[in-house]
Amino acid sequence: MKKLYVLILIIVSVLKMNAQKQIFENPKLKEIISTHKTVAILPFTAKISYKKQPKNFSAEANAAQELKMSKSIQSSMYTFLLRKGEKYTVSFQDVDKTNILLKKAGISEKLDEVTKDEIAKILGVDAVISGSFESEQSKSEGAAIATAVIFGGFGGKTGSGSLTMLLHNGSDGDLLWRFFKTMDDNISASTDDLVESMMRKVSRNFPYLK
């Protein structure tokens, strides 16, 4: 019985590890990105939910927090890539310029309705990075995750989440690369930490690494 219990624990641990990180690469990835020079980072889609809905929950306020987190992750991603710029074969478009061009084109609030090649054409880039962050708050009370991200963070384990990062080719919109990582009941205290954690896992697999 004891051996069976140990075996079950091992199997569960392996399955959990496999669920934590998943990477997909287009078979022609290296060939396609060899001609890329400039890449844009889009606002990430953010979704915040709760295992137990807190008192005085406001759907409107929650949506506003998701929007703030979306832009915050985009900014953190740009800062990280800019800081490590010498390690990459491409440059990254300033996210302020990206957001202004998206707004001028009238698509900043409906990116899911526009193809990635159309977005790349509007931005004048060779590829676009996009992604999503989903979190489930385990505490029924206290500040929402987005509020914690913006105003300073929280202590201890507060919930679980997952972060997905995508790279699409600008000329045809094809998916070139996908990275998925779960947070395992330990959400970081800031979007900088979230991105730092994800990029440490990406590191050797990031497409534009020299």
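Only one of D184, D117, D112, D174 is of a type in the set (D, E), modelled with pLDDT of 70 or more and open to solvent by less than 60 Å² (accessible area, probe 1.4 Å); which? Spell out the reasoning first.
Details: D184 fails: modelled with pLDDT of 70 or more; D112 fails: open to solvent by less than 60 Å² (accessible area, probe 1.4 Å); D174 fails: open to solvent by less than 60 Å² (accessible area, probe 1.4 Å).
That would be D117, the only listed residue that is of a type in the set (D, E), modelled with pLDDT of 70 or more and open to solvent by less than 60 Å² (accessible area, probe 1.4 Å).
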Task: Condition check for D112: within 21 Å of M199 (Cα to Cα), out of contact with any helix residue (DSSP H, G or I) (no Cβ under 6 Å at 6 or more places or on another chain) and of a type in the set (D, E) - done: no
- [ ] Filter the range 46-100 down to the residues that are of a type in the set (F, W, Y) and more than 22 Å from A127 (Cβ to Cβ), then identify the one that is least open to solvent (accessible area, probe 1.4 Å).
- [x] Y50
Open item on the list: Please verify whether D192 is modelled with pLDDT of 95 or more, of a type outside the set (F, W, Y) and either under 28 Å from S58 (Cβ atoms) or open to solvent by 30 Å² or more (accessible area, probe 1.4 Å) (or both), treating the condition exactly as stated.
Closed with: no
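The values are calculated or read from the model by the stated rules, or taken from the named source; none is laboratory data. Here the structure is a predicted model, which means the values were calculated and not measured. Virtual Cβ from ideal backbone geometry, glycine too; neighbours counted across all protein chains shown. SASA here: full protein model, heavy atoms, side chains in, ligands and nucleic acids out. Shrake-Rupley method; radii C 1.70, N 1.55, O 1.52, S 1.80 Å.
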